[in-house]
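*Asks:* Okay, handing you the structure first.
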Amino acid sequence: MPYLTQLAEVARRTGCPVTEVPGWKSRGHGPQPEVEGIVCHHTAGPTAGGDYPSLAIVRDGRPDLEGPLSHFGLGRSGRIYVIAAGRCWHNAPSTSPYHDNSSSIGIEAENDGRQPWPRPQLDAYQKLVAELCREFGLPASRAKGHKEVNTQKPDPHSIDMAAFRAEVARLIRGGQPPAPAGKAPAFPGRLLCYPPTMTGADVYAWQAQMRDRGWDLIPDGAYGPRSADVCRRFQRDSTEHGWPLEADSVVGPSTWRASFERPTS
């Protein structure tokens, strides 16, 4: 994957104010190899000093770690700062293969680790994560707090990440509420797989459920290559939530149950 030069455009889709930090399109520790996750941070910066006083550190680094330290900065006002398009040193060591420096995007939100989160800043945080999920075909579950994927870190402080992801999933769905939670419907009795393209009401029901879980899938009742790809990525991701599924792109009884019963976060 090349440098992520579309990041400013993605940020503008949020409707929030955006500042492109000079040189961002070529800034990074080489290209970003892939985007499989998003890591949410707080800067632990100063309590005063304007909207985003941590910019220089996030951009240039500190004595023990060369910058850039994150792709995005997020000011107290909700302004998004686009800092780097290449790989950033924002999460190491990572407890998740989807959230290390080579596989994830980092967002450093201005906060000293104790301050209440201003509503515009929190809203911008959720909107930016939702647009990044849309851009890179990620479910809301791939957005993690630094504290969730690095045992040494406490950030972002006081944010309930499950509730945060639920709101991100709602935004991905275009603001629609999720489907009611409950027990999975009975398995339809046939494996959903591709090729060949399979059709039917059971395919539509599974696709609609995946869409409501925040996956980029339009229900059309036809299980083709797009459905198979979403299924494979869902199966890979499910291991983080207690469902050890084989990533075979086939909706069998276990994948069917996991699709309907796992939480949206």
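The values are calculated or read from the model by the stated rules, or taken from the named source; none is laboratory data. Owing to the predicted nature of the structure, the values given are computational and were not obtained by experimental measurement. All Cβ positions, even for glycine, are placed from backbone atoms using ideal geometry, and neighbour counts span all protein chains on display. SASA here: full protein model, heavy atoms, side chains in, ligands and nucleic acids out. Shrake-Rupley method; radii C 1.70, N 1.55, O 1.52, S 1.80 Å.
*Asks:* Using a 1.4 Å probe on the protein heavy atoms, what percent of the accessible area of the chain belongs to carbon and sulfur?
*Replies:* 54 percent
*Asks:* Once you put a point 7 Å from the Cα of residue 48 and another 7 Å from the Cα of residue 218, both along the Cβ direction, what distance in nm separates them?
*Replies:* Once both label points are built, they end up 5.4 nm from each other.
*Asks:* Compute the length gained on full extension between residue 239 and residue 77: take 0.36 nm times their separation in residues and subtract their Cα-Cα distance, giving the result in nm to one decimal.
*Replies:* Length gained, residue 239 through residue 77: 54.7 nm.
*Asks:* Given 0.36 nm per residue, what is the gain on full extension from residue 247 to residue 95 after removing their alpha carbon distance, in nm?
*Replies:* On the way: separation 152, 0.36 × 152 = 54.72 nm, distance 2.01 nm.
Stretched out fully, the residue 247 to residue 95 stretch lengthens by 52.7 nm.
*Asks:* For labels at residue 257 and residue 29 in the simple 7 Å Cα→Cβ model, what's the distance in nm?
*Replies:* 4.2 nm
*Asks:* Roll a 1.4 Å probe over the protein chains and send me the accessible area per residue for segment 19-112 in Å².
*Replies:* Here the per-residue accessible area is 35 Å².
*Asks:* Then there is this: In straight Cα distance, which lysines are under 27 Å from residue 147, not counting same-chain residues fewer than 8 positions off?
*Replies:* Within reach: 127.
*Asks:* Right, another one. How much solvent-accessible surface does residue 55 expose, in Å² to the nearest 10, with a 1.4 Å probe and all protein chains in place?
*Replies:* 40 Å²
*Asks:* Under 20 Å from a point 7 Å along the Cα-to-Cβ line of residue 114: which residues of segment 35-57 have their amide N that close?
*Replies:* Counting backbone N atoms under 20 Å from the label point, the list is 42-54.
*Asks:* Looking only at Cα atoms, what is the convex hull volume of the chain per residue, in Å³?
*Replies:* On the way: hull volume 33.0 nm³, N = 265.
Convex hull volume per residue, Cα atoms: 125 Å³.
*Asks:* With axes computed from alpha carbons, what is the tilt in degrees of helix 119-136 against the longest principal axis of the chain, rounded to the nearest 10 within 0 to 90?
*Replies:* Tilt relative to the chain: about 50 degrees.
*Asks:* What is the distance in Å between the Cα centres of segment 200-265 and segment 92-155?
*Replies:* Centre-to-centre (Cα) distance: 24 Å.
*Asks:* Have a look at 35, 94, 121 and report the one farthest towards the positive end of the charge dipole of segment 27-139, computed about the Cα centre with Cβ charges (Lys/Arg +1, Asp/Glu -1).
*Replies:* Farthest towards the positive end: 121.
*Asks:* For the pair residue 65 and residue 158, what calculated FRET efficiency results from E = 1/(1 + (r/R0)^6), where r is the Cβ-Cβ distance and R0 = 30 Å, to the nearest 0.05?
*Replies:* It comes to 0.75.
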